[in-house]
1. With a probe of 1.4 Å, find how much accessible area segment 126-202 has per residue, and write the answer as a whole number in Å².
2. As a quick test, which of the pairs LYS618/LYS745; LYS610/LYS751; LYS638/LYS820; LYS638/LYS745 have an alpha carbon distance above 27 angstrom in this structure?
3. Could you pull out the pairs from LYS437/LYS506; LYS49/LYS305; LYS23/LYS453; LYS312/LYS621; LYS156/LYS507; LYS329/LYS594 whose alpha carbons sit more than 27 Å apart here?
4. Please work out the C-alpha center-to-center distance from segment 705-726 to segment 797-821 and express it in whole Å.
5. Could you order peptides 803-813, 490-500 by the average number of other Cβ atoms within 10 Å of their residues, highest first?
6. With every protein chain present, what is the per residue accessible area of segment 799-896 (1.4 Å probe, Å²)?
7. Can you list, bin by bin at 5 Å, the percent of alpha carbon pairs in segment 829-880, starting at 0?
8. Hey, can you find the accessible area per residue of segment 510-651 for me, probe 1.4 Å, expressed in square angstrom?
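The values are calculated or read from the model by the stated rules, or taken from the named source; none is laboratory data. If you're wondering where the values come from, they're calculated on a predicted model, not measured in any experiment. Here the Cβ positions follow ideal geometry from the backbone for every residue, glycine too, while neighbour counts run over all protein chains shown. Side chains are part of the model used for accessible areas, which takes the heavy atoms of the whole protein and leaves out ligands, DNA and RNA. Shrake-Rupley method; radii C 1.70, N 1.55, O 1.52, S 1.80 Å.
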Amino acid sequence: MADNLWWHININDTLAALESDRKKGLSQKEAARRQLHSLNVLKTEPAIKPYRILLAQFTDTMVLVLLGATVISGIIGAMVDAVTIMTIVIINAILGFIQEFKAERSLEEIKKMTSPYAIVLRDEQRIKIEAAEIVPGDIVYLDTGDKVPADIRLLKSYGLQIDESALTGESVPVEKDADCICPIDCTIGERDNMAFMGTSINRGRGLGVVVNTGMQTVMGGIAGMISETDKSMTPLQMKLDQLGKVLIIICLAVCIMVTVLGILRGEDTMTMLMAGISLAVAAIPEGLPAIVTVVLALGVQRMAKRNAIVRKLPAVETLGCTTVICSDKTGTLTRNQMTVVKMATRDRLIDIEGDGYKPVGRFFVNQKEINPLHDPTVKNLLDIAVNCNNSNLSQVNGQFEVQGDSTEAALLSMAYKAQLTRSKNLLKEIPFSSERKKMSVVVDADEPILMVKGALDIIIDSCAYVMKDQKIVRINVDDQRYFMKIQAKWASDAMRILGFAYKRLKKQEWEHQTENTLESELVLIGICGMIDPPRPGAANSVARCLGAGIVPIMITGDHPLTAAAIAREIGISNGLSVINGKEIDGLSDELLYKRAIKDRVFARVSPQHKNRIVTVLKKRKHVVAMTGDGVNDAPAIKTADIGIAMGISGTQVSKEASSMILTDDDFSTIVHATYEGRAIYDNIRKFIRYLLGCNIGEVLVMLISSLLGLPLPMLPIQLLWVNLVTDGLPAMALGVEPPEPGIMKRKPRPKDESIFARGLGWIIFGRGTYIAVITIAAFLFGYYWASSDGVEPLSLARTMAFTTLVFAQLFYVFECRSEKYSPFELGFFKNKFLVAAVLCSMAMQLAAIYIPFFQEIFNTTALSGWEWLIIILFSGFKLIWRLLIDTCRRVFANGF
């Protein structure tokens, strides 16, 4: 019999296929033999050696460029520069190592979820063994609170309910029926005669035979999917890698050209070699990786304050270009806390407000608040809800947690909202079962009372009376139609409906009655409708995503009606069309993609389906974020461009597979993270614009002067000083530039967009050319026209060129604050870090010009007032001109 059809065959055929005996179990000898071929552990690929992860950090193109710059700096004697660059490389390598090493622990976390021990039947004896020793054919006993140790075909079930939410996303525990035969094509969540490894027994007990162990289980399949997931570079990593390769080619070409031209012109060979090497150091923006890391780290700190913990730094940037967010429903868009929101008696319809399991809320009739205890019918219903109940609610770290069934927890919360608690002594319980679909208790009041709750369709047939107008009257067809009509309406809104009834018993007689007799001639009180409600703010967050050009898609293992109702309520879709998991297998990738973008709601899906949806979206050039909290989400989380796990309700597996964790489990936190991601990418473009514009200017100064046959406009040590003064603090300050207005009203940028897109490349080259022209102009002015007593013309010319280059870059940094607004429109002093950085760099340059010690080192000379006038006019012309234009515009706009 094929392994994937155990749910479709009867118990006897299953035992025969596994050569097992339900009364004797396997023999120890046979179990040992089978264990040789089937070990109940989750296997993993050979772990990557830590030293290999560390060495891999040094293979990135940009890192190789920096290592080359370190060697070059050491050759020319710039040891401070060499040490600084090497420190940057080592820090980046350590950070990358830590992130990748933690990611490799995902499979180890799955192992920890599995059951360590199990009770099995061997040689007709119940024994306790380690879960790893279980083999196919073992007879296993299951009880409330147990974790299922393997995939099991149930043989007996006694009120057995299993929480499969971590595996399927279903928020309500699944009722199991050992005797049923499930269809071949049913999903995991519909296999009512199966229990799966890693799930938990919520209530009841059962007996089953192991059909699959280890990697052959559903959980093992998920583990295999995680290990098979490809790791791809984030957009930022790809752009920086591309940039590093371009810089290598440019640097080599220009340095060789400048050196050769100088030598052919008759310059000293060693001087030109040093100039070429210095130019290489200046042309490579060695601060770029450090600034990117620091800016991302600062973004991480801001996001942490907004309840988003980033595990992988590049994920911050990836959020900025996210085009699709695939979200699980249960626990992500909803609370994963069943909540009673409606109540109906024969006399009135009642709305109940509340927040999950939190026992605080109010009751309304026609939008008017009521005290439910003043209505005897409602009070009776609440009394049944709290006493015909085996669950408990407790508060842990400010959160209300349930011990027991989530449906019963919702009923407890409803009763607590009315200030009603358990007050009756339990005399007898007739437990809930999938066959009975109801639960009854006998409690001790002034007289024994039978309280019943369960499926309305079942209970209503046992009711001879109904409470109407605070009186008990005979139930009629109209009464039955009334409740059944309400049930149909609520069911269409994805609510789960329970009916409530009671019966007064005679002392000493009820103990001798059968269950059927006890549960007859009941008085129908009313019904309740409950749902796993959307998270507060989920609808607003979905609207903001749509406004930002991001498509939200719900992917859940829950019922299609439930998925549709939640999708309508929070605005993901109109809920008219839901894609069922069974449909996905019959859809081509193209059709699946179109349905995903149009309908946006998937229900009854398996982990494989989730993974395929994410993969199909990625193939269509979408940047996909996947959120979730269960084991079933882990493969898709790892496949996505950015995986987002839930911090409170999320399993450790999903957290370890993710790039980011939401500590408040709030979907709206993703919107804040997207905002930060876009702002951070903008800032990265800003300092790339600044750094490369400045570096191109430096390269062109040396190249053009060589082509014109001029003396070297700057010495190697001056080039290195310019690199230190302008590439450090000002560029870093650009990284903390506040976000521009309207950042969340833009569409996401394309995933394959170049870092130089939207004209940035031409802007950089244009400014680099301008800086080169004014620097050479200042050099020529100082060399041919300036006359300072006792000052060698070449020294003065180089000082003017040197200072013009520095100040041109410091003025330019203010223009790099925005690609749309002028620095004066943004507020010139709004970025205080930038103002301070520029002032600091200016002070350093003045020290190099006027302090004798530094004059000797940099071969500079003091400048006169009119020479400063030339420098300021050349270097600050564009900024001064923009200030004049903005001033005139404001004056004319406001009137004289």
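1. Details: 2440 Å² over 77 residues.
Heavy-atom accessible area per residue stands at 32 Å².
2. Details: LYS618/LYS745 23 Å; LYS610/LYS751 21 Å; LYS638/LYS820 36 Å; LYS638/LYS745 29 Å.
LYS638/LYS820; LYS638/LYS745, as the Cα separations exceed 27 Å there.
3. Too far apart for the 27 Å limit: LYS49/LYS305; LYS23/LYS453; LYS156/LYS507.
4. 15 Å
5. Values: 803-813: 25.6, 490-500: 20.5.
Taking the mean over residues of other Cβ atoms within 10 Å, the ranking is 803-813, 490-500.
6. Values: 5050 Å² over 98 residues.
I get 52 Å² per residue for this part.
7. In order of increasing distance, the bins hold 4, 18, 16, 24, 21, 11, 6, 1 percent.
8. Values: 4750 Å² over 142 residues.
Here the per-residue accessible area is 33 Å².
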